[in-house]
Structure formats: structure tokens, C-alpha cells
Amino acid sequence: MRYAILDCYTDEPAGLGVPPYLGTYPRYLAGALSMQGHEVFYLTIDDLRLFKYYHSRAPQQRMKTNIRIRNISPNFKLIENILGTIHELIVVAGIHVPGKYLSAIPGVLPEIVSLLQDVKCRKVLTGPAGSVHGSRLEGGKHAEKADLSIFDEINENYLEINNYLKVEEYAWRGAFIVKQHPCYPDFLMAEIETGRGCKTATCSFCVEPFKKLQYRPADGVLMEIKALYELGVRNFRYGKQTCFYSYMNGDVAAIEKLLKGARELCPEIKTLHIDNVNPISVVGPKGSEITKLIVEYCTPGNVAAFGVESFDRKVVKENTLNCMPEVAYKAIKIINQYGAEKGYNGMPKFLPGINIIFGLKGESRHTNEENMLWLKRFLDEGLQLRRINIRQVAVLPGTTLGDDPKGGRELRKNKRFYWSWRKQIRKEIDLPMLRKVFPKGTILADIGMEIYDGNHTFGRQPGTYPLVVGVNKRVDLGRFYSVKITEHMLRSVTAEVLA
Ligand code: SF4
């Protein structure tokens, strides 16, 4: 039978599936369906938008790239035939970590429902949006509301894609679907899963503590990487886990197997990065050893994203966050000690990044003072941060915050301050930090150009939280360039193209 997977993109505390990333769900689904002998097509929500809103004719994009329809899959030319002949459409969707993206816009539930009204086949909703937590693209709000009755089934574990015994085979068998992705091969980042659930904390806003803690065996992970590599994928991120250092409960040999194994299997790998790290694991007894392994085997530009969320002790306690400020400080020092050196592509090898969330319980004006105090301390002491992510909390049902009748109270109370708090961090921390980490004249290699905005072109290296680079002229999209940094914006740099 014929099946289509409609990727509306996913973003979770552990796991990214927004282009250029291809998340795990479409790949596992493709594996499961192909094992049953079905024909499988991959489509993106951009395909569907172009088909429905623009009648398959992309409007002229002379000045600014329309990122709602930028990620068109090779299957687009067959979309009418695919939608008219499939037996089932499996929709992958769900944002649990609201964000903004350089070159894509995930589908929100009301939009997805409206686009699928006249698609006549069995429809299934899976991915994070198929869970009790729902989905929310914008921070500072409750879960999206939509009439989901058009779906015949809503199941986050459809075809048992969350069952690691099944995933062992689904993962490598589903690798073939990468060839149908819009960013394949050069820009595509394959998000790789190593575990689920959270070992170290029960943060009030987070969905991960509700998952059973488990890890994928390294052999299965490496078999999947090998299958992807053999198909031409060159960029990988160990990103679908809550803490990379906690893999197999912090087993150094198992972590080394993942890292060294990927390098041995993929001699021409371009990117090997990680994502989430809990600072508490970095300051633990094996933290330095694991840090050294990451620096040795990963490629430069790597970031340990620390979910600090707040440096205000009251907020940390009230939301049962994963670390106090002193722990984050020590962890930042350790990563800097081993990772701050620049690598061959112009990026520091491995730096910490910090996530901050506004709207948590116990938040007050004092919270911003504490955040600034600690961030200034890092800056003054010469510690480098790759980036600071600031967002307003999404209050999702089924989380401690979402189920608390008073959850979200601080959001309403403090919303008027957020713009100025954010601006203060951007101006007083981000900008000087960017100047320090990437002084004028720094040469960066492998900047893949993705979008136009007027006479400017924006791109970045494939990777985890890559630095956005703007060039003051229009150069070819879809190509890689070396650039020299000429100026600093609050969170990005401008540069001139060298080659
Ligand atoms: S540390 Fe907190 S935010 Fe991070 S995965 Fe665990 S519960 Fe979620």
C-alpha cells in the first residue's frame, strides 16, 4: 500500500526536526512502513502550503525568501498524485520548545487541520503533538487549540516509534527517506537519538520527566549512522537525549563508543555535534573525561546547551530545575578549559550555551538581576559562551506547570518586563561575548547560504546552534562559502565572502 509522511516539523526539549534537521520520527516511520512492504513518500508542510495556498506556483521571491515554502521536497512534483492515491497520511508535528528558525516555519495545529480538510484518506497525527502535551509554536502561551476530529487516530507512539526494541530496526531501515528531504545531501542534519526521559531533574515546564528513562544501545545507534552515511549524509547531531553526558548513566566507555564509532564509520563526516547537557553531569566525577572525549571526536562549533533556565535560586527551587548557579558556573569553566580553542573551520571546538526561560514560578524583577549578575560574571572572568537562548515558557498540559492552576501566573504578571530583560541580556552580554569569541577578521569556513533578505544573504555552518552570518550582497543560495567577519550584530555577524 502507499503511505505518505507529512513532516510539519518538531522541536522538543530533546530532539529537533526543523529543516535543515531531519528528525527521528519520519525516519522511524519510514523504517516501520518499509518493513511491512509499503511504498513510502515523504512530504513537508511547505510542499502542502505551496500546493494549497499557491496552487503549486511559487510566487516571485525577489526580495525576501518566503520561509513558509522554502523546504520543498523532491516529491512535490508528484504531490497531487500522492495525496490522491495514498491509503494513509501520517502527520508528524509538535513543538514543545517554542522557537524561531532561520529558514523554516513549523506547522501549527490549526493550519495543519485546515490544509488537510479535503485530503481523503486515513489520517494519523503522531510526534509530540500526538501526546497529551499538545503543541505550541509561540512561547508565553498555552497549548494550541484545534479541532482534531479530522484525524482517524492520534497516537504519539504510532507504529511503536517510541519502543526502542522496534527502533533498533526501524532506525537503519528508515534511513532511505533522507533522499526525499529538501536539504539532502549537503545541508541535511540528521538528528540522532541516544535516549529519552530525564535522569537529573523534574523541571516544572518540561515534558521529558514523564517519559520512562531509557537509552538506545550504541550498536543500534551506530548502525543507523552507518546507513545514513552510506546514503550520503555527512552532518550528524547526537541531539535527541536530555543530557549527552548521562548516556548509559554516564558510562564513559559507552560514550566513547558513540563518538569514536561515528568517526570510524564515517571517515568523511563533516559535522558531528551534540545537544543537551545538564551542568550537574559536567561537574560530576566523570565530567572532565567526557568533555575531553567530545572535544577529541566531535567537529568544531560544538555546543553543550545547558538548560539553566534561571540563575534565581527561588525560581530554581520552585520549578525543581536541574542546577543552582554555582553548578552552572563550574560546568561553564570545565567546558571552556577543554573546548575554547578554535578549530579548523574558525569555530571554537566546544563551548557552553545557556537557555533562559521567562515566566517560571517564583519569577520577579529580582530574577533578571540574578541572571545579569551571573552572566556578567562569566563575561568579566573571560569565560566564553556560544549563545544564550531566551524564551517565554510554553505552558503545556500534563506538565507540572500546566497542571498547576496558578501555572502561568508569572507570565501574565511579568510580561511587560520581558522585552527590556531580553534586550539587556542581548546588549550587555551577547554583543560583547560575540565580539570576544569571534573578533573582526575571524575567518569561518563552510557557511551554507540559506535565505535572502533584500540585498543581504544569510547562512550558517551545518551544526548545533550555528552562528548566523549575514553577507551584504546576494550570493548563490545552496552553496558553501568561506567568509571573514566584518561586524557584530546582537546575535549574529556580518561578513564578506572570501571564496
Ligand atoms: S533537566 Fe529539566 S528541562 Fe532538561 S530534560 Fe530534564 S526536566 Fe527537562
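Some notes on this structure:
- When each of Val207, Val119 is scored by the number of other beta-carbon atoms lying within 10 Å, the sequence from fewest to most is Val119, Val207.
- The Arg409 and Lys260 beta-carbon pair, evaluated with R₀ = 51 Å, returns a calculated FRET efficiency of approximately 0.60.
- Counting only residues at least eight positions apart within a chain, or on another chain, the aspartates and glutamates with an alpha carbon under 18 Å from that of Lys314 are Glu326, Glu363, Glu369, Glu370, Asp404, Glu410.
- Members of Lys141/Lys413; Lys226/Lys270; Lys100/Lys333; Lys240/Lys415 lying beyond 20 Å, as alpha-carbon distances in this model show: Lys100/Lys333; Lys240/Lys415
- Isolated Cys residues of the chain, judged by Cβ distance under 4.7 Å to other cysteines: Cys8, Cys121, Cys183, Cys198, Cys243, Cys266, Cys298, Cys323
- When you count the other C-beta atoms within 10 angstrom of each residue and take the mean per peptide, 399-408, 175-184 line up highest first as 175-184, 399-408.
- Residue-span extension gain [Asn157 to Lys314] - 0.36 nm each, minus C-alpha spacing: 52.9 nm
- Here the dipole of the chain is about 1480 debye; that uses its Cα centre as origin and unit charges on the Cβ of Lys and Arg (positive) and Asp and Glu (negative).
- The sum of -39500 (n - 2.57) across all DSSP H runs of n ≥ 4, divided by the residue count of the chain, sets its helix-only mean residue ellipticity at 222 nm to -9000 deg cm²/dmol.
- Relative to the Cα centre, the charge distribution of segment 443-497, modelled as +1 at Lys and Arg Cβ and -1 at Asp and Glu Cβ, gives a dipole magnitude of about 20 debye.
- If the chain linking Met489 and Arg416 were pulled fully straight, counting 0.36 nm for each residue of separation and taking away their Cα-Cα distance, it would gain 23.8 nm.
- For the chain, the share of DSSP beta bridges that are antiparallel, to the nearest 5, is 30%.
- Along the axis of the charge dipole computed for the chain (Cβ charges of +1 for Lys and Arg, -1 for Asp and Glu, origin at the Cα centre), the listed residues Tyr28, Thr85, Val207 are led at the positive end by Val207.
- Placing dummy labels 7 Å off each Cα toward the beta-carbon, the span from Gln424 to Glu289 is 4.2 nm.
- q = 0.06, 0.09 Å⁻¹, the chain: log10 I(q)/I(0) [Debye, one scatterer per Cα]: -0.25, -0.59
- In this structure, the residue pairs whose Cα-Cα separation is over 25 Å, taken from Lys260/Lys286; Lys145/Lys212; Lys199/Lys330, are Lys145/Lys212.
- For segment 88-149 and segment 459-499, distance of Cα centres in Å: 31
- The chain: relative contact order as a whole-number percent, Cα under 8 Å and 6+ apart: 13
- Sorted ascending by nearby beta carbons within 10 Å, beginning with the fewest, Val295, Val91 become Val295, Val91.
- Segment 14-29 and segment 359-398 have their alpha-carbon centroids 28 Å apart.
- Between Gln214 and Ala58, the simple label model (points 7 Å from Cα in the Cβ direction) yields a spacing of 4.1 nm.
Computed from the coordinates by the stated procedures, all read-outs in this text should not be read as laboratory data. Just so it is clear, the structure is predicted and the values come from calculations on it, not from any experiment. No Cβ is skipped: glycine too gets one built from the backbone with ideal geometry, and neighbour counts run over all protein chains shown.
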